[in-house]
Structures are given as structure tokens and as C-alpha cells.
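All remarks here apply to the structure that follows.
The values are calculated or read from the model by the stated rules, or taken from the named source; none is laboratory data. Because the structure is a prediction, the values reported are computed rather than measured. Every residue, glycine as well, gets a Cβ built from its backbone with ideal geometry; the counts of neighbours run over all protein chains shown.
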Amino acid sequence: MIGVTVVIVFCLAPFYWMVVSSFRRTSDIFDKSALPSPWSLENYTAVFDPDQGFLRSMANSLVVAGTTTALALVIATLTAYAMARLDFPFKRLVLTGIIATSMFPVVSIVVPLLKLFTDWDWINTYQAMVAPSLSFALPLAVWILTAFFRQIPIELEQAAMIDGCTQGQAFRRIVLPLAAPGVFTTAIITFVAAWNEFLIALSMTNDAAMQTAPVAISKFTGASQFETPFGSQMAAGVLVTIPLVVLVVVFQRRIVDGLTAGAVK
Amino acid sequence: MATVTYEKATRVYPGAERPAVDALHLEIACGEFLVLVGPSGCGKSTSLRMLAGLEDVDDGAIHIGDHDVTHLPPKDRDIAMVFQNYALYPHMSVADNMGFALKIAGVSKEERRRRVAEAAALLDLEPYLDRKPKALSGGQRQRVAMGRAIVREPRVFLMDEPLSNLDAKLRVQTRTQIAALQRRLAITTVYVTHDQVEAMTMGDRVAVMKDGKLQQCAAPRELYDRPANVFVAGFIGSPAMNLTEVAVDEDGARVAGTRVPLGRAAVRAIAAEGGSRATLGFRPESLEPVGSADGGFAVLVDVVEELGADAFCYGRLENGADVIAKVDARVPPRKGERLHFRIRPGETHLFSAKTGDRH
Ligand SMILES: Nc1ncnc2c1ncn2[C@@H]1O[C@H](COP(=O)(O)OP(=O)(O)OP(=O)(O)O)[C@@H](O)[C@H]1O
Ligand SMILES: [Mg+2]
């Protein structure tokens, strides 16, 4: 119980502070009162100032994160299914290798990547952001989904095939619905990671029209050169978080446990 | 409805040195209830899965009716299977589970509902049609698995130990229900079990397997009365047949110093084989008690097992060989007692000491 409280407070406090600060006026942004006084929408108007290009960056983020998630799900689902069903030598080793690749620090590959993408003329394109995100998302996605597919008894597929399904139909009608919690979990994790990705997105774009939201926020300009626009950054932070919260709430309802209960025994 | 034919069908699992199913040759008639029985690991499930199309046939062929199905995928074989663990679709209701095959086959919704309702009535599943499998008891799940098979009206039913997850009482009850249902539907059925009582009570014919090889396929009575070899003799029947190695001459066999007359043909067969030894078999109920002077062999009683209607006495011959005898349950012998028995004439089984085959 105490643990839960600690976790909640610890997780929510920064977010709370972000929301509160976003409603303060620029002049009292460093106030320490628990609630803003007076309340102000000044920061939100500033965020939507066309000069900042914030809406455009949100759209970019949506494209990058959405594409990454969709691709990652399709590729990872097929890979994980093969990993779970096929028996080949050193399977554990392969799986461990896959997960290990996702642990390299991003910083170490940014520069080579930048050079590569410059050669390919990929700077300021979506694929320059999607491809690296995908390569970071896939290992974890494969790992999670493999665990889910393993839980599904193979007899279920065999029963479906005897009931007249092709292998593809058995996969679509039996395996996939049962692996849905795994698929949604993976979708959330992948989307959040891709949505918040900063370093690659910053390095691969120099055109403001191609920036993703986190990059755009970091480049917000204040009223004068010496003023950092904390207020509008806070407001933008809140706006960026909203799609994630919506996503999690929508998908979480579908992440129910024990979907395979009652199948066998 | 169709015949099923295994033609020297063989399955070798990758990496295994000997076949899991070795040249299985078996012809199953239209509407017949055939039981595959044998000890664990003898290849029963593999044989069944070869017929289902879930396992490759490495050599030989399998026919259903006139069709060679050896290399057809399961969906093109028109079979239904009940798995040992039932394999119900957990995300579907009972009705959807039962109607799934029809849905895939493109049967109309009305027709589907009608056939599911019919099968549900047959299996007493009507109150549960809207439930998910996880909200059912083991016995109910078993019936859903059966229902899923019979809704199809397939050409062949395959069942792999469908009763092994039920408790003893339910198992006996369901056993009779399945047998009755099969007779009524008259659909050719291949049924796998390791329980020889199940095999003997349910099957029109019983095929006994060992180490991937078919030992004998015959009607239960025939299997019991004329086992084809030592393995079948010891496997079928409970308690098991007494098997003991004996010396044989023209007068018969010698068992613990007494003479047991044998059929002339059997004695001649042993002589032809050039040996003088053989394995003699006699069932516990083929022994009858005699007085100590009447030429029976003596048995020292170790344990008496009283089952109510019957009693079995487990004892030893003078030469140390184990013997089981069925005795009168009303006056069971006591432990440590010395009894005399003789084998009822004509109730002996003689097997070759070399090959184990019946003489
Ligand atoms: N997938 C497999 N790969 C390799 N060998 C297997 C495989 N499945 C079964 N075997 C082997 O094939 C033999 C026959 O197995 P099978 O499952 O047919 O036995 P069974 O008669 O059904 O036994 P049980 O009564 O225990 O179910 C066994 O020796 C088993 O170890
Ligand atoms: Mg088996």
C-alpha cells in the first residue's frame, strides 16, 4: 500500500507540476504556489502561435510514431510467431541476442547514422526517424510477443486446422485474438518510445517543417533571446502527453489477463 | 462415413533413430469403432495425428474412403478430432466453439444455429451455450469438445484419450455415452487410449501397439481369448495373464513339478521350431482349486485382493514364479496359506520362447 502511494506520488508529481506551471503567467512562472494564481491561458496561446509550428510538429510525431508502431507490430508479430513455433538450434541464444541489440546507447550510433543518412539523402525525411525507432522497438516487441505466443497451446491451432482453417486462417482467427493483450502492450510501449524519441529526431532534421513535437518544444523561442519560454514548453508538454494518455486508456481496456483460460486440460 | 486404411504408414521423427510408427497396416470398416491401445510412447497419438494430417507420413500411405489423403492438409480430410486436452477456443462461447467449423465452411447462420442446438441437446449442453470454456467444469468441457466434433458430421472421428482428464466415475459414465453416440451416428471412429478396459468395452475392434508396431488387431473377445503374442497376452486383461517359461515335451508342459496337458498342434509347433521350451500363459480365472493330492501345483499366498464380487490371490509357485489366481470371494484364502490349483483344460496359451508369437 505504501509502495503504491510512493509510486503514484513519484510518477504524478512532475506531471502535476508541469500542468500547474503551464497555467501560470510568464511573469510568475517560478512561483511555488500549489495552484496558479491567477490562472492564465497565455502559454497555450503561445504554443499555438503559427510561428512555433507546434501543430505541424504534432502531426509529424503522429506520422513517425504511428508508422513505427504499425511496422513494428506487423514485423514483430510474424517474427515472434516463428520464434515461438519453430524449433531451431540455439533459439534461446538468438532471442537473447535480439534483446541485447536494443541495449546499445543511442548516442553511440547517432553520428554514423547521420553520415549514412546524409549519403542517402534521407535528412529531413520521415524514414530517417522511423527506421532507427523501428530498430530500437523491434527487439523488445519480438521479445514480448514471443512470450505471449508461447502461452498459446499449439493444439488450438491444430484444432482450427482440423476445423477447416488454413494455417493463415488459424493464425488470424485463433492465435491473434488470443495474443491481443501482448499486441496491445507492445503497441503502447512502441508508440510511447517512438513518440518521445528526441536524439535521432533532433539530429536527422534541420527543417522546422519536419520536426517532431519533442524537438519543436526544445526549440521554442521566447519573447527575447535571453528568455527561455518555460511556460509554453510546459503547455506543449501537457499537449504532447494527452495523445499518449488517450492511447493507453483505450488500449488498456483490451489488455485483459487470462484470455487463454479454459482452453486446455 | 468412410473406410480408413493405413498402408504400411510410417513416421520417423527428425533425429529419432527408430520410427515412432512403423509400417502400420490397418483397415477400418465403414462405421467401425476402432480403438488403438498400448503402453505410453508406443505411437498411438502419432498414428492418429498422421490420419489427421498433423504429422507427416514418411513412408506408406493413408486412405479415407477412396481418397489418398497421405499428403493432404487437415482441412481437406473431412475429419473431426477430440484432443486429449480438449483444445477449446477460449475466446469463443460454447456455441461458437461448436459452430466454428461450420462457419469456416460457409454454412449459413440459421443452419449453423440449428445444428449446434441439435448437438447441444444430444450432449446436455443447452444451458451452457453462451458460456466461455473457462466457466465450465472438466466434464462439460469434454462434452463441448465432443460437440465440436459431432456438429461437423465428418467422415471420420478421431479421439485422443478424450476421457483421461475426467475422474473415475465420470469416465465410466462418459465411456458408455460415447460408445452409444458413435453407434447412433455410425461414423467411423478411431479412438486412442492407454486404458485397456476402455479399449475392451468400447471398441468393435482393438488394435494393440507396442514400440510403433501393430501387435494384433481383433475384436475384444478374440483379443482376450487368442492373444497373438506374449505382449498382447500380458497387456490385455486385468489382472494380467500369468506367463511363465516352461519345458515342453510330447506329454505337455511341466509347471512346478506338475504336468499341464497342451494342444497337440502347439506341441508339434514347438518341436518344429526345434526347441523344447516355451512361454505358457493362463489367465487368473482359468485356475481352479483342487485338493493337494489331485495333481495341481502348489501356490503360497502372498496377498489377497478383495474387490467385492471377485477376489484375486497373488502368490508364488514352488520355483519362485509369481502367480495370480481368481478365487471365491466368499471364502478368500488367508495370507501365507498353501493352495493347490490346476489349469482348466483348453485354457492354456502357448507362445514361442524365441519370437513370443502364439503357437
Ligand atoms: N514431436 C516429437 N518429436 C520427436 N519425437 C516424438 C515427438 N512426438 C512423439 N515422439 C516420440 O514418438 C513416440 C510415440 O509417441 P506418441 O505420442 O505417439 O505416444 P503415445 O502412444 O501417444 O503415448 P501416450 O500414451 O504417452 O500419449 C514416443 O517415443 C515419443 O517420444
Ligand atoms: Mg498420446
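Please indicate, with yes or no, whether at least one residue in segment B:87-94 is of a type outside the set (Val, Ile, Thr), within 16 Å of ligand 1 (Cβ to nearest atom), more than 10 Å from chain A (Cβ to nearest Cβ) and outside any helix (DSSP H, G or I).
No: segment B:87-94 contains no residue that is of a type outside the set (Val, Ile, Thr), within 16 Å of ligand 1 (Cβ to nearest atom), more than 10 Å from chain A (Cβ to nearest Cβ) and outside any helix (DSSP H, G or I).
Given the criteria buried (at least 22 other Cβ atoms within 10 Å of the Cβ), more than 9 Å from chain A (Cβ to nearest Cβ) and not aromatic (Phe, Trp, Tyr), does residue B:43 qualify? Quick ask: steps written out before the conclusion?
Working: buried (at least 22 other Cβ atoms within 10 Å of the Cβ): yes; more than 9 Å from chain A (Cβ to nearest Cβ): yes; not aromatic (Phe, Trp, Tyr): yes.
So residue B:43 passes the test.
Do you know which residues across segment B:50-62 are away from ligand 2 (no atom under 16 Å from the Cβ) and crowded, with 17+ Cβ neighbours inside 10 Å? First the steps, then the outcome.
Within segment B:50-62, the subset away from ligand 2 (no atom under 16 Å from the Cβ) is B:53, B:56-62.
Of everything in segment B:50-62, those that are away from ligand 2 (no atom under 16 Å from the Cβ) and crowded, with 17+ Cβ neighbours inside 10 Å turn out to be B:53, B:57, B:60, B:62.
Filtering segment B:196-216 down to residues that are in contact with a Pro (Cβ under 8 Å, 6 or more places away or on another chain) and farther than 18 Å from residue B:182 by Cα, which residue is nearest to ligand 1 (Cβ to nearest atom)?
Here the answer is B:212.
Out of everything in segment A:145-198 that is β-branched (Val, Ile, Thr) and more than 15 Å from the chain's Cα centre (by Cα), what residue ends up being farthest from residue A:66 (Cα to Cα)?
A:162
Every residue, every condition in (1) hydrophobic (A, V, I, L, M, F, W, C); (2) within 16 Å of ligand 2 (Cβ to nearest atom), yes or no:
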residue: B:1; (1), (2): yes, no
residue: B:20; (1), (2): yes, yes
residue: B:23; (1), (2): yes, no
residue: B:26; (1), (2): yes, no
residue: B:30; (1), (2): yes, no
residue: B:38; (1), (2): no, yes
residue: B:41; (1), (2): no, yes
residue: B:45; (1), (2): no, yes
residue: B:48; (1), (2): yes, yes
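Quick one: residue B:48 ticks every box in (1) touching a residue at least 60 places away in the same chain (Cβ under 8 Å); (2) out of contact with any Asp or Glu (no Cβ under 8 Å at 6 or more places or on another chain); (3) within 9 Å of ligand 1 (Cβ to nearest atom) except a single one, so which number is it?
(2)
Can you report the number of residues in segment B:146-173 which are within 14 Å of chain A (Cβ to nearest Cβ), among the small types (Gly, Ala, Ser) and away from ligand 2 (no atom under 14 Å from the Cβ)?
Residues of segment B:146-173 that are within 14 Å of chain A (Cβ to nearest Cβ), as a first pass: B:146-167.
Among the residues that remain, those that are also among the small types (Gly, Ala, Ser) are: B:147, B:149, B:164.
Checking the rest, the ones that are also away from ligand 2 (no atom under 14 Å from the Cβ) come to B:147, B:149.
Total satisfying the criteria: 2.
Could you look through segment B:7-18, keep only residues that are surrounded by fewer than 16 Cβ atoms within 10 Å (Cβ to Cβ) and within 16 Å of ligand 2 (Cβ to nearest atom), and pick out the one that is nearest to residue B:58 (Cα to Cα)?
B:13
Could you tell me whether any residue of segment B:103-119 is under 20 Å from residue B:173 (Cα atoms) and free of Cβ contacts under 8 Å to residues at least 24 places away in the same chain?
No, segment B:103-119 has no match at all.
Right, residue B:67: over 25 Å from residue B:215 (Cα atoms), in the same structural domain as residue B:15 (by TED's automatic domain parsing) and either within 13 Å of ligand 2 (Cβ to nearest atom) or touching a helix residue (DSSP H, G or I) at 6+ places or on another chain (Cβ under 8 Å) (or both) or not?
When the stated conditions are applied, residue B:67 does not pass them.
Condition first: out of contact with any Phe, Trp or Tyr (no Cβ under 9 Å at 6 or more places or on another chain) and of a type in the set (A, V, I, L, M). Now tell me which residues in segment B:58-94 satisfy that.
B:64, B:69, B:72, B:87, B:88
Quick one: in segment B:216-234, which of the residues that are surrounded by 24 or more Cβ atoms within 10 Å (Cβ to Cβ) and in contact (Cβ under 8 Å) with a residue 40 or more places away in the chain is nearest to residue B:307 (Cα to Cα)?
So the first thing to find is which residues in segment B:216-234 are surrounded by 24 or more Cβ atoms within 10 Å (Cβ to Cβ), and the list is B:223, B:227, B:232-233.
Checking the rest, the ones that are also in contact (Cβ under 8 Å) with a residue 40 or more places away in the chain come to B:227, B:233.
Numbers: B:227: 26, B:233: 23 Å.
Step by step, filter segment B:216-234, then rank; the result is B:233.
Can you tell which of A:106, A:130 is surrounded by 16 or more Cβ atoms within 10 Å (Cβ to Cβ), under 25 Å from the mean Cα position of the chain (by Cα) and not small (Gly, Ala, Ser)?
Numbers: A:106 fails: surrounded by 16 or more Cβ atoms within 10 Å (Cβ to Cβ).
Only one candidate qualifies: A:130.
What residue, of B:193, B:176, is out of contact with any Phe, Trp or Tyr (no Cβ under 7 Å at 6 or more places or on another chain), more than 16 Å from ligand 1 (Cβ to nearest atom) and more than 14 Å from chain A (Cβ to nearest Cβ)?
B:176
Could you check, for segment B:29-37, whether at least one of its residues is crowded, with 16+ Cβ neighbours inside 10 Å and either within 18 Å of residue B:68 (Cα to Cα) or of a type in the set (Ser, Thr, Tyr) (or both)?
Taking every residue of segment B:29-37 in turn, none turns out to be crowded, with 16+ Cβ neighbours inside 10 Å and either within 18 Å of residue B:68 (Cα to Cα) or of a type in the set (Ser, Thr, Tyr) (or both).
Would you mind telling me which numbered condition in (1) over 22 Å from the mean Cα position of the chain (by Cα); (2) away from ligand 1 (no atom under 16 Å from the Cβ); (3) buried (at least 21 other Cβ atoms within 10 Å of the Cβ) residue B:79 fails?
Of (1) over 22 Å from the mean Cα position of the chain (by Cα); (2) away from ligand 1 (no atom under 16 Å from the Cβ); (3) buried (at least 21 other Cβ atoms within 10 Å of the Cβ), only one is false for residue B:79: (1).
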